[in-house]
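The structure appears below as structure tokens.
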Amino acid sequence: MATWQRLLKNWNGLGGLGLVVLYIAVALLSPLISPHDPLEMNMEALLQPPNRQFLLGTDDYGRDIMSRLFVGARSSLKITLLAVFGASVLGTMMGVMSGYLGGWIDGLTMRLVDIMFSFPGLILALVIVAMLGPSEENVILAISIRSIPVFARTARGPTLSVKEEEYVAAIRAVGAQPVRIILRHILPNVMAPIVVQVTLALAAGVLTDASLSFLGLGVQPPTPSWGSMVNEARSNMEFAPWTVVSPSVCIALAVLGFNLLGDGLRDVLDPRLRQ
Amino acid sequence: MSRYLIRRLLWLLVTLWALSFLVFVSVRLIPGDTIDLILGTSSILAEEQEAALRAYYGLDKPILQQYVVWFNSVLHGDMGLSIRTGRPVMSEVLERFPLTVELAVVTLAIALPVGISLGIASALKPNGLVDVLARLFSLAGMALPNFVVAILTILILSVVFHWFPASGFVPFSEDPVQNLRQMFFPAVALGMSMAAGVARMTRSSMLEVLRQDYVRTARSKGLKEDAVIVRHCLKNALIPVITLVGIRFGRLLGGTVIIEQIYALPGVGRLALYAIYQRDYAMVQSSILFIALCYVLMNLISDLAYAFVDPRIRYT
């Protein structure tokens with residue numbers, strides 16, 4: 001409870017939380033708040049600038065941009081949340097196991113993590129999506145695989161330091177099972193950096209998703225997605241700049257929101273740990 | 001120091017080998033191989049002819065055997081033929097790699113000075129005008145994807161200044177000035193997020209260094225502020241920045257794929273992208289391996305620079 005209050009007092013946290021809440025709200029409520037059908041083509045209203053009927057204008061198929069942005073929010077949120085949730089669970093488990101068990105298991109796992117890090121992120125995502133075909137599920141998989149090493153590394157650090165604490169040795173001497181030690185003593189210390197990492201991974205996930213759909217390797221048309229909207233708008237950029245600007249601003253605000261939230265959480269959570 | 005270097009080089013080789021294996025296997029797991037893609041859905045060739053074609057390219061053998069054959073030829077300098085163009089893959093990659101390397105170098109040459117100067121200026125007057133602007137720039141740089149920056153730049157230039165990107169790429173050897181002009185905006189788009197991250201890290205690192213006792217000593221000795229900053233603060237403040245650049249370089253390389261596509265620059269990134277679209281295995285492998293090699297080398301360089309700058313690392 002105290003954490004929440006402190007987060008709200010922190011400028012970064014407040015701004016980030018506001019943007020993230022807005023993003024989630026738009027994504028969840030998109031079927032209710034979309035003024036038009038995002039797939040409906042209005043042939044008599046092609047490439048219209050923002051006006052009373054179409055608040056953010058229309059694209060080159062006469063589709064309402066605002067409604068497409070709302071549905072795009074839903075798609076990108078779903079992809080990013082699922083990917084990062086999966087990655088954080090798997091990665092944390094990997095990091096904690098690796099740190100706790102130590103020895104060759106730790107060595108091997110960390111070498112694997114290093115190799116996974118050696119791949120530039122987007123390239124890895126490209127190969128995975130190219131391998132399995134462009135679709136929502138494969139983008140989720142691609143983002144997830146990219147994020148797992150980050151969580152593994154983040155979880156390993158605190159695990160190693162807690163493992164060395166005297167009270168852990170004491171508990172082990174009394175006969176506590178490793179599972180209990182991990183759940184009761186290691187995980188609580190790992191949670192704070194992992195939570196911060198989750199928000200940063202969500203920001204990166206939105207970026208990767210947008211980049212993949214920009215390259216045509218994300219959700220396929222006609223389902224709207226912010227990245228592909230930017231790509232489609234390229235050819236009409238000079239005389240219809242609103243088609244490019246609105247999805248770009250959406251992407252930027254979503255990424256910014258998660259980044260600020262992560263910063264705020266880091267400020268709020270970490271100094272407390274140091275005490 | 002040399003033991004550290006040798007260990008890192010060995011690790012580099014291991015990493016490259018593992019990457020080559022991963023890329024090789026994953027590319028071959030793509031459903032539908034190159035032959036399928038070339039032939040399409042039409043059945044121009046009879047079954048036996050298709051099978052013969054596959055056998056000719058060695059595509060019918062088990063994956064591990066294909067890998068051993070491929071690895072063997074790589075050790076002899078032959079990275080295979082592009083199944084699409086029939087040309088050696090090595091020559092296609094080598095033709096394009098100077099451009100990608102030049103793009104990366106120009107990007108760093110713009111992003112690093114901008115980021116570091118902004119970070120230092122921010123740290124010297126916290127919460128001043130420069131600091132606020134720099135922090136806004138950092139936020140924007142981190143939030144905007146590189147393709148958005150690229151497109152918005154093209155949009156602003158073409159609509160406001162009526163300047164259109166030149167068509168046709170001019171190599172550096174032909175006309176350096178024109179070449180650098182063409183590189184400028186792609187480098188800005190690619191480097192903005194690097195500059196933003198560097199500015200942020202430099203700022204927090206400088207702030208921490210400025211708090212140190214030795215800085216107070218230097219000032220009380222009567223040293224001019226410039227000398228204090230350059231001689232005592234900068235080297236220490238830049239240590240975490242070096243590590244950050246090494247890590248972020250990967251994102252930069254991944255970004256070349258998109259930026260080269262947008263600005264129609266014939267580099268390795270674009271080559272890799274089209275190779276993926278076209279299922280050209282040999283090309284995908286080599287171009288991705290090349291990009292990964294650049295990243296791993298850059299990490300090695302930044303690790304060595306880090307070890308060089310921070311004496312504490314050198315002797316462990």
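Can you give the FRET efficiency for A:MET191 and A:ALA169, using 1/(1 + (r/R0)^6), R0 = 22 Å, r = Cβ-Cβ distance, to the nearest 0.05? The value I calculate is 0.50.
In a reduced charge model with +1 at each Lys and Arg Cβ and -1 at each Asp and Glu Cβ, the protein assembly as shown shows a dipole moment near 2580 debye about its Cα centre. Residues A:SER75, A:SER228, ranked from the fewest to the most other C-beta atoms within 10 Å, line up as A:SER75, A:SER228. Extending 7 Å from Cα along the Cβ direction at B:LEU64 and again at B:ASP213 yields two label points whose distance is 6.2 nm. Relative to the longest principal axis of the Cα atoms of chain B, the long axis of helix B:234-262 makes an angle of roughly 30 degrees. If R0 is taken as 35 Å, the Cβ-Cβ distance between A:LEU101 and B:GLU95 corresponds to a FRET efficiency of 0.15.
Close amide H contacts of B:LEU81 (hydrogens built in the peptide plane, cut-off under 5 Å, sequence separation of 5 or more or a different chain): B:VAL89. For the stretch B:136-214 and the stretch A:158-237, what is the separation of their Cα centres, given in Å? Answer, in whole Å: 28. List the lysines whose Cα sits under 23 Å from the Cα of B:LYS221, skipping any in the same chain fewer than 8 residues away. Partners within reach: B:LYS125, B:LYS235. Once the Cα atoms are used to define both axes, helix B:2-28 deviates from the longest principal axis of chain B by about 40 degrees.
With θ taken as phi - 60° and the Karplus curve 6.51 cos²θ - 1.76 cosθ + 1.60 applied, the whole-hertz 3J(HN,Hα) list for the stretch B:178-189 is 5, 4, 5, 4, 5, 6, 4, 5, x, 5, 5, 4 Hz, x standing for glycine and proline.
Between the beta carbons of A:THR3 and B:ASP226, assuming R0 = 41 Å, the FRET efficiency works out to 0.40 to the nearest 0.05. Sorting B:THR202, A:THR154 from the fewest to the most surrounding beta carbons within 10 angstrom yields A:THR154, B:THR202. Neighbouring Cβ atoms from other chains, within 10 Å of the Cβ of residues in A:246-252, number 4 on average. Count charges around B:MET194 for me, please; just the other residues with Cβ under 10 Å from its Cβ, Lys/Arg as +1, Asp/Glu as -1. Result for the neighbourhood of B:MET194: +2.
Note on A:215-228: average number of Cβ atoms from other chains within 10 Å of each residue's Cβ is 1. Taking a Cβ cut-off of under 14 Å around A:PRO224, the surrounding Lys, Arg, Asp and Glu residues balance to a net charge of -4, with basic ones at +1 and acidic ones at -1.
Between A:ILE24 and B:ALA55, the modelled label-to-label distance comes to 6.1 nm, taking each label 7 Å out from Cα in the direction of the beta carbon.
Shielding by partners for peptide A:109-119, expressed as the average number of C-beta atoms from other protein chains within 10 Å of each residue's C-beta, is 5. Helix B:129-143 and the long axis of chain B differ in direction by around 20°, with both axes built from C-alpha atoms. Helix screen, chain A: DSSP H segments with Cα axial length of 30 Å or more and mean Kyte-Doolittle hydropathy at least -1.0 are A:11-33, A:65-101, A:136-163, A:187-214, A:242-274. Over all other residues within a Cβ to Cβ distance under 13 Å of A:THR243, the charged ones net out to -2, with Lys and Arg as +1 and Asp and Glu as -1. Any idea what log10 I(q)/I(0) is at q = 0.10, 0.12 Å⁻¹ for chain B, Debye with uniform C-alpha scatterers and no solvent? Here log10 of I(q) over I(0) equals -0.72, -0.95. Annotation: the residues B:ARG84, B:ARG279, A:ARG111, sorted from fewest to most other C-beta atoms within 10 Å of their own C-beta, follow the order A:ARG111, B:ARG84, B:ARG279.
Shape summary of the stretch A:129-207, radius of gyration then Dmax from alpha carbon positions: 17.2, 53 Å.
Orientation-averaged projection of the protein assembly as shown equals 33.5 nm² [convex hull of Cα atoms, one quarter of hull surface area].
Quick note: the coordinates plus some simple rules give every number you see, no bench work behind them. All figures in this text were calculated on a predicted structure; none of them were measured in a lab. When we count neighbours, we look across all protein chains shown, and the Cβ atoms used for this are built from the backbone with ideal geometry, even at glycine.
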